[in-house]
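Engineer: Mind looking over this structure? Questions follow.
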Amino acid sequence: NLNLILGYQPTQNWNLYAGAVYQTVDDTVLLRGTTYSAFNGYDFRTGEDESAGWLAGVAYQIPEIALKASVTYRSEIKHKINAYERFNAAGMTGNTLLDNAMTALNASSGQTELTTPQSVNVDLQSGIMADTVAFANLRWVDWSNFKVQPYNFGKLSQMLGQAGLV
C-alpha cells in the first residue's frame, strides 16, 4: 500500500486529512493433501494487480502535554484479476463427471474479484510524566465482507454441490 495524504490544520489543535490509497496484490494458493478432496493439487496465482481507494481522518493534539488522538477510515479496495487456475487432479479422481468438469475448467478462464476490507484506526498518545509517553493503537477491519472465490474454483464448487459430491 502507498498512501498520498493531504491535510488541513484549521486551528493549532485540529487536523483534517484525506488522501488516495494505491494497493497491489499478488496471491498464490497451492492446495495439497487429501483433506482438500477434489481440490487436492489445485493451483491459483494472480500475478500482480493494482487498484485504488481512499482514506480520511481527523486528529486532535495538545502539544503541551504530548496528547495526540486520531481516527482514520480507509475504504475497501476492489480488484478484478484474470488469475491462473489449474486443477492438477483432472483425469485422476475416478469420477468421470468430476474429471470432465476439471478438464473443461482447466481450458477456461474468467475474472476473479478480490476486495480488501474497509478499516478504522484509532491512535492515542499521552504524556504521563516527564520523559514518559503512553501509546494505544486500536484497529478494526471488516473481515466479515472479505472473500476471495477464484472463478474456476467457484464453478467446480457449484458443480460438485449440485451433483451431491461435496
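The values are calculated or read from the model by the stated rules, or taken from the named source; none is laboratory data. Not measured: the values here are computed from a predicted model. Note that we place each Cβ from the backbone using ideal geometry, even for glycine, and neighbour counts take in every protein chain shown. Accessible surface is based on the protein model in full, side chains and every heavy atom, while ligands, DNA and RNA are left aside. Shrake-Rupley method; radii C 1.70, N 1.55, O 1.52, S 1.80 Å.
Engineer: Please list, or write none, the aspartates and glutamates whose alpha carbon is within less than 16 Å of the alpha carbon of residue 147, excluding same-chain residues fewer than 8 places away.
Structural biologist: 26, 27, 76, 113
Engineer: Now for a different question. Please list, in order along the stretch 67-82, the HN-Hα scalar couplings obtained from phi with the Karplus expression 6.51 cos²θ - 1.76 cosθ + 1.60 (θ = phi - 60°), rounded to whole Hz, x for Gly and Pro.
Structural biologist: Along the stretch 67-82, the couplings run 8, 9, 9, 8, 10, 10, 9, 10, 6, 6, 10, 9, 10, 10, 10, 8 Hz.
Engineer: Also, I was wondering about something else. What span do the alpha-carbon atoms of the stretch 113-166 cover on each of the three principal axes, reported in whole Å from largest to smallest?
Structural biologist: 70, 19, 13
Engineer: Pop the C-beta distance of residue 115 and residue 64 into the FRET formula with R0 = 45 Å and round what comes out to the nearest 0.05.
Structural biologist: Plugging the Cβ-Cβ distance into 1/(1 + (r/R0)^6) gives 0.55.
Engineer: Ignoring ligands, DNA and RNA, please state the percent of accessible area on the chain from carbon and sulfur, probe 1.4 Å.
Structural biologist: C and S atoms contribute 55 percent here.
Engineer: Still on this structure: Please give the contour-minus-distance gain from residue 88 to residue 75: 0.36 nm per residue of separation, less the Cα-Cα distance, rounded to one decimal in nm.
Structural biologist: Contour length minus Cα-Cα distance gives 1.0 nm.
Engineer: Place a +1 charge on the Cβ of each Lys and Arg in the chain and a -1 charge on the Cβ of each Asp and Glu, then give the dipole magnitude about the Cα centre in debye, rounded to the nearest 20.
Structural biologist: 300 debye
Engineer: Oh, and also: Students often check this: by mean Cβ neighbours within 10 Å, which of 1-7, 64-70, 36-42 ranks highest, and how do the rest follow?
Structural biologist: Output ranking for 1-7, 64-70, 36-42: 36-42, 64-70, 1-7.
Engineer: Could you tell me the largest-minus-smallest coordinate of the C-alpha atoms of the stretch 71-166 on each of the three principal axes, in descending order and whole angstroms?
Structural biologist: So the three principal-axis extents are 75, 23, 22 Å.
Engineer: Continuing with the same structure: Mind checking which of 136, 150, 117 is farthest towards the positive end of the chain's charge dipole, using Cβ charges of +1 (Lys, Arg) and -1 (Asp, Glu) about the Cα centre?
Structural biologist: 150
Engineer: Would you mind getting the accessible area per residue of the chain, heavy atoms of the protein chains only, 1.4 Å probe, in Å²?
Structural biologist: Heavy-atom accessible area per residue stands at 63 Å².
Engineer: Once the piece of chain linking residue 56 and residue 13 is laid out straight, how much longer is it, given 0.36 nm per residue of separation minus the C-alpha distance between them?
Structural biologist: 13.7 nm
Engineer: To continue, here is another question. For residue 68, go through the aspartates and glutamates and keep the ones whose alpha-carbon is under 12 Å away, minus same-chain ones fewer than eight residues off.
Structural biologist: Within reach: 123.
Engineer: Report the rotationally averaged projected area of the chain based on its alpha-carbon convex hull, in square nanometres.
Structural biologist: Averaging across all directions leaves 13.1 nm² for the Cα convex hull.
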